[in-house]
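Everything below concerns the one structure shown next.
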Amino acid sequence: MQKDSYQPLERRKVYEQVAEQLLGQIGSGRLRPGDPLPPERELTESFGVGRSSIREALRMLESQGVIVAANGGALVVAEAANPLNSSFRLLFTLDDRAALHHLFELRRILDCEAAALAAERRTDEHLEEMGAAIDAMETSLGTSGLAADFIEADLRFHLAVAEATGNRLLLHSMQAVRDVVRRALMTVFLIPRSPELALVEHRAVRGAIAARDVARARQEMLDHLTRVETDVEKGVTHG
């Protein structure tokens, strides 16, 4: 990394300016997901600042999910969705007014419109991925019987729908809520017939997307999420 690729530092907290310029390197594509950051010594020389400022800047970016520790302790650039994912988990944990109902309202906004857009834009490859996710859901019920396997396949289906929209921000948003949704769905698996109903409903969503029926895709997804929220509430009540 060239020293002259950075800008002179302004009269603000030095570590904030370092973090901002490193973020600029990532945003410009000079540093891409999976790329390792230069060693602390090199960054210290490039910016002309103390090692403590570099370390504070790196801690700041790591706490935001922009960079992550890889094997061996090296810091690498995270996937694009990771900062949003980390922030959403933290927000849901800290905001005691963010209830499960709010989570499912958000899912209805994201998933229903994703299904509608997918019906317009999907390819055969997208349909194949949705079908593979449904097959994995069914297989998990008949073999392992583990909630984790079924839920992972369930989330895979919804991400496949988001992928079919071609909207990267929508996909990242869906990925960000995935971990919180995963915990909520653990209760659903224990509700009698709920997993089996999910299979039927996912097939209906996929069928509408395959038929390029925008209105039906949106409605099938809405019906599915409304039923799931009801089952989650049952699980919480009886858990």
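The values are calculated or read from the model by the stated rules, or taken from the named source; none is laboratory data. It should be emphasised that the depicted structure is a prediction, and the values quoted were computed from it without experimental measurement. For neighbour counting, all protein chains shown are included, and Cβ atoms are generated from backbone atoms with ideal geometry for every residue, glycine included.
Looking at (1) closer than 26 Å to Ala81 by Cα; (2) at pLDDT below 95; (3) buried (at least 17 other Cβ atoms within 10 Å of the Cβ); (4) touching a Ser or Thr at 6+ places or on another chain (Cβ under 9 Å), which is the one condition that is false for Leu155?
So the condition that Leu155 fails would be (4).
Consider only pairs whose beta carbons are under 6 Å apart and that are at least six residues apart or on different chains; among these, list those whose first residue lies in the stretch 112-131 and is under 13 Å from Phe157 (Cα atoms) and whose second residue is at pLDDT 95 or above and of a type in the set (D, E, K, R).
Within 6 Å, the pairs are Ala115/Arg218; Met130/Arg206.
State whether the residues of the stretch 46-54 include one that is surrounded by fewer than 19 Cβ atoms within 10 Å (Cβ to Cβ) and in contact with an Asp or Glu (Cβ under 8 Å, 6 or more places away or on another chain).
Quick first cut of the stretch 46-54, residues surrounded by fewer than 19 Cβ atoms within 10 Å (Cβ to Cβ) only: 46, 48-52.
If we keep only those that are in contact with an Asp or Glu (Cβ under 8 Å, 6 or more places away or on another chain) too, we end up with 51.
Yes, some residue in the stretch 46-54 is surrounded by fewer than 19 Cβ atoms within 10 Å (Cβ to Cβ) and in contact with an Asp or Glu (Cβ under 8 Å, 6 or more places away or on another chain).
If I filter the stretch 180-187 for residues that are under 19 Å from Met130 (Cα atoms) and surrounded by fewer than 17 Cβ atoms within 10 Å (Cβ to Cβ), do I get at least one hit?
Within the stretch 180-187, one or more residues are under 19 Å from Met130 (Cα atoms) and surrounded by fewer than 17 Cβ atoms within 10 Å (Cβ to Cβ).
Taking the residues in the stretch 53-76 that are small (Gly, Ala, Ser) and in a loop (DSSP other than H, G, I, E, B) as candidates, determine which candidate is nearest to Arg89 (Cα to Cα).
This residue is Gly65.
Among (1) farther than 19 Å from Ala115 by Cα; (2) crowded, with 17+ Cβ neighbours inside 10 Å, which single condition is Pro192 missing?
Tallying (1) farther than 19 Å from Ala115 by Cα; (2) crowded, with 17+ Cβ neighbours inside 10 Å, Pro192 fails exactly one: (2).
So, in the stretch 188-239, exactly how many residues are out of contact with any Asp or Glu (no Cβ under 8 Å at 6 or more places or on another chain), assigned to a helix (DSSP H, G or I) and modelled with pLDDT under 85?
Residues that pass the stated criteria total 7.
Failed condition for Ser87, given (1) in a helix (DSSP H, G or I); (2) under 24 Å from Gly29 (Cβ atoms); (3) outside the structural domain of Val232 (by TED's automatic domain parsing); (4) of a type outside the set (D, E, K, R), with all others met?
(3)
Suppose we keep only residues that are more than 29 Å from Phe88 (Cα to Cα) and surrounded by 16 or more Cβ atoms within 10 Å (Cβ to Cβ) within the stretch 9-45. Which one would you say is modelled with the lowest pLDDT?
Filtering first and then ranking leaves Leu9.
Give just the number: which of (1) farther than 24 Å from Ala99 by Cβ; (2) in contact with a Pro (Cβ under 8 Å, 6 or more places away or on another chain) does Phe189 not satisfy?
(1)
Any residue at all in the stretch 47-58 that is charged (D, E, K, R) and closer than 30 Å to Arg107 by Cα? First the steps, then the outcome.
Just the residues of the stretch 47-58 that are charged (D, E, K, R), to begin with: 51, 55-56.
Okay, now just the ones that are also closer than 30 Å to Arg107 by Cα, so none.
Scanning the stretch 47-58 turns up no residue that is charged (D, E, K, R) and closer than 30 Å to Arg107 by Cα.
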